[in-house]
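Some notes on the structure that comes next.
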Amino acid sequence: MFVAIEDVCFSYTDAKTRALDNFTLKIEKGEVISILGRSGSGKSTVLRLLAGLEKPEKGRLVIQDEVLFDDKTFLQPEKRGIGMVFQDYALFPHLTVAENILFGLFRMKKAAKKKRLQEVLELVELQDFGKRYPHQLSGGQQQRVAIARAVAPNPHLILLDEPFSNLDAELQGKIREELRDILKKANITSIFVTHDEKDAHILADRIVKLKDGRIEFVGRPCDMLDTYRQTGIQPLTDGFVEKSLTGVN
Amino acid sequence: MQHRFTNINAWTVSAVIIIFLLFLPNLTIVTGLFTPSNENWEHMKEFVLWGFMKNSLILTAASAFFTILIGLSLAWLIAQYDFPMRHFLKWALILPLSIPPFIGAYTYHGMLSYTGVIQTTLRENFGMAINPAYFDIMNLPGAVFIYTMFLFPYVYSIAQVYLSRQSASLIESTRILGKGPWKTFFQVVLPISRISIIAGASLVVLEVLNDYGVVKYYGVQTFTTAIFQSWFGLGDIESAIKLAASLMGFVILILMIEKILRGRRQYSYSSTKVRPLPLIPLSGWKAAAATGYGFVILSLAFVIPVAQLIDWTVLTYGTIPMGEFMNYVKNSVFVAGLSATLIIVFALIVGNFARMVRGRLGKLLPRLTVLGYSIPGAVIAVAVVTAFIGLDRFLTPFYVWAGFSTTLVLSVSIVLLVTAYIIRFFAIGYNSIETGYDKIGTDFRDASRTLGLGVTKTFFKVDMPMMKGAIISGFILVFIDVLKEIPLTLILRPFNFDTLSTKAFQYASDEKIMEASQASLLIIGISALAIVFFYKFLERELD
Amino acid sequence: MKKYLFLVIALTALILAACGGQAKEEKTESETATETNESKEVNLYTARHYDVDDELYAKFEEETGIKVNVIKGEADELLERIKREGDATEADLFLTADAGRLYRAKADDLLQPVSSDLLDEQVPANFQDTDQMWYGLTKRARVILYDKETVQPDELSTYEALTEEKWNGRVLIRSSENVYNQSLLASFIEIDGEEQAKEWAAGMVNNFARDPEGGDRDQAKAIAAGIGDVAIMNTYYFGQMLNSEDPEEVKVAEGLGIFFPNQDTTGTHVNVSGAGVVKASKNKDNAIKLLEFLSAPEAQETFASANYEYPVNENVEPSELLQSWGEFKEQDIPLSTLGEHNAKSILIFNEVGWK
């Protein structure tokens, strides 16, 4: 098992209920997982816990046999080797695109850095944009920089928080395809969070559906449609099942 | 409280030490609250306290109201409209901050008094004998006028930056929805700038509460009057401390209200998305009115008093010794620069600590450090002297070992004065830094950490560069405030140490306002230079 | 990584140490001198801050080789600082412009008695503390100024007379926060007793032309502006106005007459600037030398005339201006009583509503 999340519980300081309740998930290498849920379902919390930005109350987190968290251990975010793409990208406004990408490569030799920068810029197809500042880019370009920055240090795992929420509908479709290609090309295990059934079904190898901090469903996208038909679980998007059946996508 | 981050030790330790050191002298005052009341206290309560409190309340409320009215309206005009001289007014309107309110008070009274330029001109050139009572500024409304004129830039500068950077889409959408400019102002601008208004106005309120120079000269009796009356007049330091403690309680209340109003929401933005507001050009009488309004305020709050001071300087030139003035300038700039640097460094450490810790205690702790801003300078002075003498006693064995034959080393050095400045003005620097941290939020920090940089490295590579504006504005504000400061400088300075403000005060307190004009002008000049520098820097940053 | 932070802290410590160090050096010098009992310094805490004072200190150094180190401040704060510094204080001499404060310094056990034949010769007994804890250096009177046009000097007689019906709405005086008024009322408490003093204060409040505001000079200006007809002021403020750089102020002063009240009764209220040697002084001899220097005829002339005050040394003539106002009868009370009744006077002011 590549990534193991076992019995993880978490609640925010002032909250009365748990944001995440006994969450367990195992992920294979190279898998693309989508965590689907409404806002407040605890889906972003999973990412923050994995990244080390929050500390679980209990449970265990392991990546490739390295314990990130258990009773005795808490590995700081900078030590985990996990990349993250933030919802609003969090590109450093005072640094150029190239500087943003190089930011996480401080351990590499100069030549290696340069090579890696070229690689990832090519990966996201922004070869000519290295000297620009983030505010000089379009939304889609900013997102690709954010992905490039997260991918550059070769993380074990990459986390994407609502990667399409800031893009307009037309761009969403295009970027979705691009992202899928990039992730598969780089062969990085990834988890992305979304509230859009369609995003999850197109991108993910497996979907985890969260409700009120608990897992409602785990499985392949195709199994999910069956579940919707057979159980009382409702999709987040109205009429989603019907549309899928008629092939309108 | 659980420890969510384990490697914050260096930050936590330094932050807690700083908070403790800043709070320590205030502790003497807090304990005063619990001493039993004596005869003097009962007397004060019976005869004067309520009247004094009423005056204080009216004074602070009215000053806050008018500074908000003027500060916000100017900020809105500058942020949204284009009119002649807008560019100049944009930074010139911060200049009134360079005039110490007590100098402003003396100057205005000087101009308006029977022998002042206004009444004299009317009398001699126009033969008009207008009832001098109309020109009487030495009363409560007069004090409100002085505070409004010389403190409104606190509200203006914060609101202006906020409005021009944050709210483009909000204001535009209101316009699209068909609201006129007035409705936009009251229904949108006012509510959304709440945070910046509160930030600016709370500085005004605290400044008014602890000021003594203006109210003493204008004969307005306030809470501070009561503190000094019981301390110096009645020789009853317990009652004085009790009063100071009550004042502090009131200030804590204000700070809490501010925090509550600010709410739990994170008012951060990721600056990649912020779009500047396109200016609406004004023309005709509207443009004239906007420019006129800006200039009327600028004249009242800066040009007129400065012109009067220049006139007095010319009048008294050569009658006072000027030889030492370079020295005063050097001393002033040195203590102001040093204190401002230390305050900003400390504020960065405490601010970074504040956003790392979770839990109520952790959030409350840093707020304690701003208490110094609420207490009259003279009270802080005594608290600091007491603390330092204790420290010197503690260090005596070391002094003996090191071969000093005196036991008061720190207490008579400039460390004492600089420490007092830090306690007094930490709030100003911390306010700027905290706003800076709030504005950048936590996403950039988190991003940097997932890219492999620790807290400290992140601080230097991400937080600091992104907060350059907040750091510089905090520095300049503290610098100017130290330059203007009077009671602490007067009491706590080492031997033979004069600054521009002690010199200005020396003459003013002997009712020689004309002789005080040279030193005052130098204070204003240096502060104004600092403001201009700050402004030019900000401009370059924004381009 | 943490080394950045430590760098910052170390730097801070360094700066603080550097400042401390600066002061240390100076102090070490003075201290080694004390040890060998040939101190060449005297440390002065003074609430008097005229430019001419500095010239006198420079002259003192020139004559004696003793350097005068000065902290100028407000009297009350300086006193509090000496009190807090206790035995370790660096202060040798405390100089202030009000007998009430000198009394308080003595009452708080901050001063020590000094005996010097020269001082006794130069400072008359009634301007010394009874226990020789402090010595007066200059004196001034608190007098009545009147509008030459609307008031004839023969209408004026005493401070008490100002509470009569006749003066209703015509009297100007500053706020009771000011120590000059506190000392004035304290003198009445000493002479007439508390009851009568309170009656006087209440009568004054009743006759105020306006709520007290501004300083002494502003009372004079208010006469010129027609707000009131008589004002209570210190003599030196009148002197300052007559010699002002501002021709308008001179004009105002020239329209006023000066009147020394209570000449036929208890005498005009006088107060002094004076100084005492601090109890924990480490340069006592030098402090006495400075006191002797300031009360000697040469210094007295400058020291007093700088601020249009009367010298205490009887061998020195007051300035021409002061001579032109004539001689007058002073209150005959020990000056320390001004301090003794200070707190009482504040309570009375509060009770009668004198702002």
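Taking the centroid of alpha carbons for each part, region A:180-235 and region C:300-352 are 94 Å apart. Between B:Glu238 and B:Glu124, the modelled labels are 5.7 nm apart [label points 7 Å from Cα along Cα→Cβ]. Mean separation of Cα pairs under 8 Å and 6 or more residues apart, divided by the residue count, gives chain B a relative contact order of 22 percent.
Full extension of the chain between A:Lys16 and A:Glu99 yields a length gain of 25.7 nm, computed as 0.36 nm times the residue separation minus the alpha carbon distance.
A Förster radius of 30 Å, combined with the Cβ-Cβ distance separating A:Gln136 from A:Glu31, puts the computed FRET efficiency at roughly 0.25. Fewest neighbouring Cβ atoms within 10 Å first, the residues A:Leu157, B:Leu27 line up as B:Leu27, A:Leu157. Pairwise inverse Cα distances across the protein assembly as shown, averaged and inverted, put the Kirkwood hydrodynamic radius at 33.6 Å.
Suppose R0 equals 56 Å. What FRET efficiency, 1/(1 + (r/R0)^6) with r the Cβ-Cβ distance, do B:Val314 and B:Ala61 give to the nearest 0.05? Provide the component values of the computation, followed by the final result.
On the way: r = 40 Å, r/R0 = 0.71.
Approximately 0.90, to the nearest 0.05.
Here chain C is treated as an ellipsoid with the same Cα gyration tensor; its semi-axes, largest first and in whole Å, are 41, 24, 20.
Would you mind getting the Kirkwood hydrodynamic radius of region A:112-249 from its Cα pairs, rounded to one decimal in Å?
Numbers: mean 1/r = 0.0600 Å⁻¹.
Every distinct Cα pair counted, the radius reaches 16.7 Å.
Taking other C-beta atoms within 10 Å as the exposure proxy, B:Met467, B:Met53 rank B:Met53, B:Met467 from fewest upward. The Cα-based radius of gyration and maximum Cα-Cα distance (Dmax) for region A:1-114 are 16.2, 52 Å.
Taking 20 Å as the cut-off, the amide N atoms of region C:309-350 that come nearer than this to a point 7 Å along the Cα-to-beta-carbon line of C:Leu242 belong to C:309-313, C:316-330. Can you compute the modelled spin-label distance between A:Phe2 and C:Glu298, with each label point 7 Å from Cα toward Cβ, in nm? Spacing of the two 7 Å Cα→Cβ label points: 9.7 nm.
Can you work out the FRET efficiency for the pair B:Trp182 and A:Glu170, with r the C-beta to C-beta distance and R0 = 56 Å, to the nearest 0.05?
On the way: r = 39 Å, r/R0 = 0.70.
Once rounded, the FRET efficiency stands at 0.90.
Could you sort out which of B:Lys461/B:Lys536; C:Lys251/C:Lys329; C:Lys106/C:Lys221; A:Lys43/A:Lys184 sit more than 31 Å apart by Cα distance in this structure? Distance filter (> 31 Å) returns C:Lys106/C:Lys221. Take each residue in C:208-218, count the other chain C-beta atoms within 10 Å of its C-beta, and the mean is 5. Simple spin-label estimate for C:Gln196 and B:Met85 gives 6.4 nm between the two label positions (7 Å along the Cα-to-Cβ direction from each Cα). Which of the aspartates and glutamates could a cross-linker span from A:Lys16 if the Cα-Cα distance has to be under 13 Å and same-chain partners fewer than 8 positions apart are dropped? By straight Cα distance, A:Lys16 reaches A:Asp212.
When the protein assembly as shown is described by a simple charge dipole with +1 on each Lys and Arg Cβ and -1 on each Asp and Glu Cβ, the residue from B:Leu122, B:Val329, B:Met111 located farthest towards its positive end is B:Val329. Scaling the Cα radius of gyration of region A:45-191 by the globular reference 2.2 N^0.38 Å produces a ratio of 1.07.
On a 31 Å Cα-Cα criterion, which of the cross-link pairs C:Lys72/C:Lys148; A:Lys55/B:Lys457; B:Lys54/B:Lys503; A:Lys109/A:Lys174; C:Lys67/C:Lys344 come out too long? Could you put the intermediate results ahead of the total?
Working: C:Lys72/C:Lys148 38 Å; A:Lys55/B:Lys457 21 Å; B:Lys54/B:Lys503 33 Å; A:Lys109/A:Lys174 35 Å; C:Lys67/C:Lys344 40 Å.
Listed pairs above 31 Å: C:Lys72/C:Lys148; B:Lys54/B:Lys503; A:Lys109/A:Lys174; C:Lys67/C:Lys344.
Fully extending the segment from B:Lys45 to B:Leu538 would add 172.5 nm, taking 0.36 nm per residue of separation and subtracting the current Cα-Cα distance. In a fully extended conformation the segment linking C:Asn126 and C:Asp264 would gain 47.6 nm over its present Cα-Cα distance, using 0.36 nm per residue. Under 28 Å of direct C-alpha separation, and excluding same-chain neighbours fewer than eight residues apart, B:Lys183 reaches these lysines: B:Lys90, B:Lys259, B:Lys273, B:Lys286, B:Lys439.
The convex hull defined by the C-alpha atoms of chain A has an orientation-averaged projected area of 14.4 nm².
Just so you know, all these numbers are worked out from the coordinates, no wet-lab data involved. Predicted model only: the values in this text are computed from it and were never measured. All Cβ positions, even for glycine, are placed from backbone atoms using ideal geometry, and neighbour counts span all protein chains on display.
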